[in-house]
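The values are calculated or read from the model by the stated rules, or taken from the named source; none is laboratory data. Since the structure is predicted, the reported quantities are computational estimates derived from the model, not experimental observations. Here Cβ is always computed from backbone atoms with ideal geometry, including for glycine, and neighbour counts include all displayed protein chains. Just the protein is used for accessible areas: all its heavy atoms, side chains included, with ligands, DNA and RNA removed. Shrake-Rupley method; radii C 1.70, N 1.55, O 1.52, S 1.80 Å.
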Amino acid sequence: MSPELLQWSAQDIPKIETAWSRTLERVRASRDFCRARGITFLLVYVGSDLEVKYALDPVGTISQLRALGGPHQTVPWDMSKSIKRVTRYCDENDILFISLLEPLIDAQKDTGRQVFGDHYTMFGHEVAAQVLAGAVSFRVDPYAAEKPTFKQCVASHSWSAIA
(Lines give C-alpha, C1' and ligand atoms only; values in the text may rest on other atoms or scores of the structure.)
Protein backbone atom coordinates (compact mmCIF):
# COMPACT_ATOMS: atom_id res chain seq x y z
CA MET A 1 0.00 0.00 0.00
CA SER A 2 1.18 3.49 -0.79
CA PRO A 3 2.36 5.22 2.39
CA GLU A 4 0.66 8.37 1.10
CA LEU A 5 -2.73 6.69 1.47
CA LEU A 6 -2.01 5.73 5.06
CA GLN A 7 -2.33 9.36 6.18
CA TRP A 8 -6.10 8.80 5.87
CA SER A 9 -6.24 5.68 8.00
CA ALA A 10 -8.46 6.24 11.02
CA GLN A 11 -5.91 4.22 12.98
CA ASP A 12 -2.75 5.88 14.24
CA ILE A 13 0.15 4.25 12.43
CA PRO A 14 3.46 4.98 14.23
CA LYS A 15 5.54 5.73 11.10
CA ILE A 16 2.83 8.01 9.70
CA GLU A 17 2.42 9.79 13.05
CA THR A 18 6.20 10.29 13.25
CA ALA A 19 6.26 11.73 9.73
CA TRP A 20 3.40 14.12 10.54
CA SER A 21 5.06 15.17 13.79
CA ARG A 22 8.32 16.00 12.00
CA THR A 23 6.51 17.84 9.23
CA LEU A 24 4.42 19.95 11.58
CA GLU A 25 7.43 20.79 13.74
CA ARG A 26 9.17 22.06 10.62
CA VAL A 27 6.11 24.15 9.84
CA ARG A 28 6.31 25.71 13.32
CA ALA A 29 10.06 26.27 12.94
CA SER A 30 9.41 28.02 9.61
CA ARG A 31 6.75 30.19 11.25
CA ASP A 32 9.19 31.08 14.04
CA PHE A 33 11.95 31.88 11.54
CA CYS A 34 9.64 34.22 9.64
CA ARG A 35 8.17 35.81 12.74
CA ALA A 36 11.65 36.59 14.11
CA ARG A 37 12.32 38.55 10.90
CA GLY A 38 8.97 40.33 10.73
CA ILE A 39 7.76 38.19 7.83
CA THR A 40 4.18 36.94 7.67
CA PHE A 41 4.10 33.14 7.46
CA LEU A 42 1.13 31.47 5.83
CA LEU A 43 0.66 27.72 5.48
CA VAL A 44 -1.35 26.59 2.45
CA TYR A 45 -3.06 23.19 2.37
CA VAL A 46 -3.32 22.30 -1.31
CA GLY A 47 -5.61 19.28 -0.91
CA SER A 48 -5.57 16.15 -3.00
CA ASP A 49 -7.57 14.52 -5.74
CA LEU A 50 -8.65 11.80 -3.31
CA GLU A 51 -9.98 14.34 -0.80
CA VAL A 52 -11.99 16.12 -3.50
CA LYS A 53 -13.36 12.83 -4.84
CA TYR A 54 -14.36 11.75 -1.34
CA ALA A 55 -16.13 15.05 -0.62
CA LEU A 56 -18.15 14.69 -3.81
CA ASP A 57 -18.76 10.92 -3.62
CA PRO A 58 -17.82 9.37 -0.26
CA VAL A 59 -19.34 5.93 -0.90
CA GLY A 60 -17.85 5.60 -4.37
CA THR A 61 -14.42 6.77 -3.25
CA ILE A 62 -14.21 4.30 -0.35
CA SER A 63 -15.50 1.57 -2.66
CA GLN A 64 -12.73 2.35 -5.18
CA LEU A 65 -10.10 2.28 -2.43
CA ARG A 66 -11.32 -1.08 -1.19
CA ALA A 67 -11.38 -2.41 -4.75
CA LEU A 68 -7.58 -1.99 -4.82
CA GLY A 69 -7.56 -5.22 -2.81
CA GLY A 70 -5.25 -6.49 -0.11
CA PRO A 71 -4.87 -4.22 2.91
CA HIS A 72 -6.99 -1.50 1.23
CA GLN A 73 -10.06 -3.59 2.06
CA THR A 74 -9.52 -3.51 5.81
CA VAL A 75 -8.22 0.01 6.40
CA PRO A 76 -10.75 2.14 8.30
CA TRP A 77 -10.61 5.26 6.10
CA ASP A 78 -10.95 8.79 7.50
CA MET A 79 -10.57 11.12 4.55
CA SER A 80 -10.79 14.27 6.68
CA LYS A 81 -7.97 13.21 9.02
CA SER A 82 -5.19 15.20 7.31
CA ILE A 83 -7.08 18.48 6.98
CA LYS A 84 -8.35 18.21 10.56
CA ARG A 85 -4.81 17.50 11.80
CA VAL A 86 -3.32 20.50 10.01
CA THR A 87 -6.18 22.82 10.98
CA ARG A 88 -5.93 21.82 14.63
CA TYR A 89 -2.15 22.23 14.64
CA CYS A 90 -2.33 25.68 13.10
CA ASP A 91 -5.03 26.78 15.55
CA GLU A 92 -3.03 25.51 18.53
CA ASN A 93 0.21 27.10 17.32
CA ASP A 94 -1.07 30.47 16.05
CA ILE A 95 -0.14 29.72 12.44
CA LEU A 96 -1.98 31.52 9.67
CA PHE A 97 -3.49 28.85 7.48
CA ILE A 98 -5.56 28.58 4.35
CA SER A 99 -6.99 25.42 2.87
CA LEU A 100 -7.57 25.26 -0.86
CA LEU A 101 -9.49 22.03 -0.38
CA GLU A 102 -12.90 23.56 0.32
CA PRO A 103 -12.80 26.05 -2.59
CA LEU A 104 -11.67 23.25 -4.93
CA ILE A 105 -14.51 21.02 -3.77
CA ASP A 106 -17.05 23.82 -4.09
CA ALA A 107 -15.77 24.84 -7.53
CA GLN A 108 -16.00 21.32 -8.90
CA LYS A 109 -19.41 20.75 -7.32
CA ASP A 110 -20.80 24.06 -8.59
CA THR A 111 -19.40 23.93 -12.12
CA GLY A 112 -18.93 20.24 -12.88
CA ARG A 113 -15.42 21.08 -14.07
CA GLN A 114 -12.61 18.86 -12.79
CA VAL A 115 -10.08 20.52 -10.48
CA PHE A 116 -7.65 17.59 -10.47
CA GLY A 117 -6.11 15.33 -13.08
CA ASP A 118 -2.76 13.90 -12.08
CA HIS A 119 -2.24 17.34 -10.55
CA TYR A 120 -4.39 20.47 -10.57
CA THR A 121 -6.13 20.96 -13.89
CA MET A 122 -6.06 24.41 -15.49
CA PHE A 123 -9.39 25.08 -13.77
CA GLY A 124 -7.98 23.87 -10.43
CA HIS A 125 -5.04 26.26 -10.88
CA GLU A 126 -7.46 29.11 -11.60
CA VAL A 127 -9.42 28.39 -8.42
CA ALA A 128 -6.25 28.17 -6.32
CA ALA A 129 -4.81 31.33 -7.89
CA GLN A 130 -7.94 33.36 -7.24
CA VAL A 131 -8.15 32.28 -3.60
CA LEU A 132 -4.44 32.86 -3.01
CA ALA A 133 -4.47 36.21 -4.82
CA GLY A 134 -7.14 37.35 -2.38
CA ALA A 135 -4.99 36.21 0.52
CA VAL A 136 -1.85 37.91 -0.77
CA SER A 137 -3.60 41.19 -1.59
CA PHE A 138 -5.11 41.25 1.89
CA ARG A 139 -1.58 41.72 3.32
CA VAL A 140 -2.36 39.68 6.35
CA ASP A 141 -2.10 41.48 9.67
CA PRO A 142 -3.44 39.02 12.26
CA TYR A 143 -3.07 41.55 15.07
CA ALA A 144 -5.30 44.30 13.64
CA ALA A 145 -8.69 43.72 15.23
CA GLU A 146 -10.45 46.42 13.20
CA LYS A 147 -9.66 44.69 9.91
CA PRO A 148 -11.70 41.78 8.56
CA THR A 149 -10.36 38.39 9.56
CA PHE A 150 -8.12 36.45 7.25
CA LYS A 151 -10.70 33.68 6.95
CA GLN A 152 -13.35 36.20 5.89
CA CYS A 153 -11.09 37.38 3.07
CA VAL A 154 -10.58 33.89 1.67
CA ALA A 155 -14.09 32.52 2.02
CA SER A 156 -15.39 30.01 -0.53
CA HIS A 157 -17.15 32.70 -2.56
CA SER A 158 -13.79 34.27 -3.48
CA TRP A 159 -13.25 31.87 -6.39
CA SER A 160 -16.78 32.08 -7.83
CA ALA A 161 -15.97 34.82 -10.33
CA ILE A 162 -13.91 32.41 -12.43
CA ALA A 163 -16.62 29.73 -12.46
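For Asp32, are the conditions met, namely being out of contact with any Leu (no Cβ under 6 Å at 6 or more places or on another chain), assigned to a loop (DSSP other than H, G, I, E, B) and charged (D, E, K, R)? Criteria not met by Asp32. Taking region 114-139 as the range and being β-branched (Val, Ile, Thr) and either outside any loop (DSSP other than H, G, I, E, B) or open to solvent by less than 20 Å² (accessible area, probe 1.4 Å) (or both) as the test, the residues that pass are Val115, Val127, Val131, Val136. Here region 80-99 is the region considered, the condition is being of a type in the set (A, V, I, L, M) and either modelled with pLDDT of 95 or more or part of a helix (DSSP H, G or I) (or both), and the residue that is nearest to Gly124 (Cα to Cα) is Ile83.
Table: residues versus (1) loosely packed, with under 15 Cβ neighbours inside 10 Å; (2) more than 13 Å from the chain's Cα centre (by Cα); (3) farther than 23 Å from Gln130 by Cβ.
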residue	(1), (2), (3)
Gln11	yes, yes, yes
Ile16	no, yes, yes
Gly38	yes, yes, yes
Tyr45	no, no, no
Asp91	yes, yes, yes
Asp94	yes, yes, yes
Gly112	yes, yes, no
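For region 72-89, a residue qualifies if it is closer than 21 Å to Asp57 by Cβ, of a type in the set (Lys, Arg) and open to solvent by less than 40 Å² (accessible area, probe 1.4 Å), and exactly one does: Lys81. When residues in region 54-68 are screened for being open to solvent by 40 Å² or more (accessible area, probe 1.4 Å) and either in a strand (DSSP E or B) or more than 25 Å from Ala133 (Cα to Cα) (or both), 10 of them pass.
On inspection, Ile39 passes the criterion of being without any contact (Cβ under 8 Å) to a residue 24 or more places away in the chain, farther than 24 Å from Gly124 by Cβ and part of a loop (DSSP other than H, G, I, E, B).
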